[in-house]
1. Can you pull out every residue in the stretch 82-108 that is buried (at least 17 other Cβ atoms within 10 Å of the Cβ), free of Cβ contacts under 8 Å to residues at least 60 places away in the same chain and either touching a His at 6+ places or on another chain (Cβ under 6 Å) or not small (Gly, Ala, Ser) (or both)?
2. Condition test on residue 163, is it within 28 Å of residue 254 (Cα to Cα), out of contact with any Phe, Trp or Tyr (no Cβ under 9 Å at 6 or more places or on another chain) and modelled with pLDDT under 90?
3. In the stretch 125-144, how many are outside any helix (DSSP H, G or I) and either on the phi > 0 side of the Ramachandran plot or within 18 Å of the chain's Cα centre (by Cα) (or both)?
4. Within the stretch 36-81, track down each residue that is within 28 Å of the chain's Cα centre (by Cα), buried (at least 17 other Cβ atoms within 10 Å of the Cβ) and part of a helix (DSSP H, G or I).
5. May I ask you to say which residue of 184, 249, 243, 197 is of a type in the set (A, V, I, L, M), within 30 Å of residue 126 (Cα to Cα) and in a helix (DSSP H, G or I)?
6. Need the failing condition index for residue 66 against (1) among the aliphatic types (A, V, I, L, M); (2) closer than 19 Å to residue 250 by Cβ; (3) touching a residue at least 24 places away in the same chain (Cβ under 8 Å), just the number.
Amino acid sequence: MPDSPRIRLATNVLLALYAVVALLPIAWMIASSFKTDRELLDGPLFALGDAGFANYVKAFAARPFVLYLFNSIFAALVSVAITLVVGVCAAYAFAKLRNAWTEILWYAILASIMIPLEAIVIPLFLEVHSFGWQDTYAGIVIPTALNAAGIFILRQAIHAIPEELFDASRMDGASEPTIIWRVVVPIIRSNLMVVAVLTFSFSWNSYLWPLIVTTSDELRTLPLGMAAFQMTLNTRYSEIMAVSVFGTVPMALLFAFFQRYFIQSSISSAVKG
């Protein structure tokens with residue numbers, strides 16, 4: 001179907017409507033964080049209230065949300081580092097160093113994508129407990145750091161690189177680690193950024209596993225701290241909205257900053273495909 005001005009206009013209108021619908025709850029949440037409870041229930045939906053930053057002050061006085069934020073950021077960054085370093089090496093082996101064993105392992109990794117965390121949480125907890133990692137940063141991060149979806153994305157990107165480039169590098173005397181870090185990584189940089197953002201998002205939003213493996217308040221991540229704050233008696237809804245804004249802003253900024261890498265990755269995948 002030829003691309004016409006009418007089709008482009010209709011597409012832009014639909015995208016704009018979708019953006020408005022998606023942003024309305026976020027706008028309401030931000031506006032509600034500056035209201036009193038009475039204004040939240042009875043006042044205009046998107047008007048700022050008279051509470052100002054009082055809800056934020058009260059929420060931060062009730063719970064150590066800065067500590068929760070540090071725990072979430074630390075766990076997410078370590079997960080990203082493990083996924084990128086180990087994942088790119090595994091993806092390279094599955095894409096370019098193929099043999100019977102790598103094929104078996106590759107299909108096993110693909111099959112693991114279909115297994116939810118809830119199905120393996122008990123044996124995973126027993127393993128963590130045997131290592132002495134319960135209620136530690138290692139217990140929070142390491143068992144769920146490397147995900148199969150990230151390896152799959154990187155493997156597909158590396159598989160699309162022409163084999164002649166690797167042969168030329170080996171003829172120049174480059175070792176396999178050198179090829180990975182000097183040849184592969186610069187080429188798949190946008191894919192690495194996409195995997196980093198997705199891994200960070202997965203770790204940031206993780207609730208079940210940190211809830212199971214931690215017992216002390218000092219090691220709670222932000223989702224756990226927000227849930228504990230919400231279940232506190234006599235907690236006001238306006239303060240819950242303030243905490244929700246605090247937990248949403250970091251991920252919103254992350255996606256806004258790295259969105260161009262998603263676009264680059266999509267374009268390169270379409271061209272290579």
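1. Answer for the stretch 82-108, where residues must be buried (at least 17 other Cβ atoms within 10 Å of the Cβ), free of Cβ contacts under 8 Å to residues at least 60 places away in the same chain and either touching a His at 6+ places or on another chain (Cβ under 6 Å) or not small (Gly, Ala, Ser) (or both): just 106.
2. In short, no.
3. 2
4. Result: 55, 56, 59, 65, 68, 71, 72, 75, 76, 78, 79, 80.
5. Result: 197 is the single residue among 184, 249, 243, 197 that is of a type in the set (A, V, I, L, M), within 30 Å of residue 126 (Cα to Cα) and in a helix (DSSP H, G or I).
6. Tallying (1) among the aliphatic types (A, V, I, L, M); (2) closer than 19 Å to residue 250 by Cβ; (3) touching a residue at least 24 places away in the same chain (Cβ under 8 Å), residue 66 fails exactly one: (3).
The values are calculated or read from the model by the stated rules, or taken from the named source; none is laboratory data. No experiment lies behind these values; they were computed from the predicted model shown. Heads up, the Cβs are rebuilt from the backbone with ideal geometry, glycines too, and the neighbour counts pull from every protein chain shown.
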